[in-house]
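The structure under discussion appears below in the form of structure tokens.
The values are calculated or read from the model by the stated rules, or taken from the named source; none is laboratory data. Bear in mind the structure is a predicted one, so any value in this text is a computation, not a measurement. Note that we place each Cβ from the backbone using ideal geometry, even for glycine, and neighbour counts take in every protein chain shown. Remember, those area values only see protein heavy atoms, side chains included, never the ligands or the DNA or RNA. Shrake-Rupley method; radii C 1.70, N 1.55, O 1.52, S 1.80 Å.
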Amino acid sequence: AAATADASVSRQAMLSGSQWYEVQAYRALNQAAGRCIRHRLDYGAVVFLDARFAHPERRACLSKWICSAMRPGGQSVSEAVLALQAFFHRAER
């Protein structure tokens, strides 16, 4: 009976193929985003161009430090460039 219960719990905990790929994609995304920051005095910008990151359920899959630092860059490329310029101007001070 215990073996049957363990097998049932194991099947419930397994991810579907698409869920597994999604978890792996977010793991890689979080790891890659962190590479521009090497120590506490470093600064960098990671640009998420995918509109899906505008949705809270997608951002919830990102590391908390990334979510807390996310800023919308605007609805156009020129607005995003201006936001990046302002960020680097502030960071260089």
Quick check on region 41-93: take the gyration tensor over C-alpha atoms, sort the square-rooted eigenvalues as a ≥ b ≥ c, and tell me if it's rounded (a/c under 1.5), prolate or oblate. oblate
Using a probe radius of 1.4 Å on heavy atoms only, what accessible surface per residue do you get for the chain? Whole Å² is fine. 83 Å²
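Share of the chain's accessible area from carbon and sulfur, percent, 1.4 Å?
Values: 4510 of 7690 Å².
Exposed carbon and sulfur together represent 59 percent of the surface.
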How high is the relative contact order of the chain, in percent, counting Cα pairs under 8 Å that sit 6 or more residues apart? 18 percent
Cut-off 14 Å between beta-carbons: net charge of the residues surrounding TYR43, Lys and Arg +1, Asp and Glu -1: +4
Given [x] 48; [y] 67; [z] 44 as possible values of percent of Cα pairs over 16 Å apart, the one from the coordinates is [y]
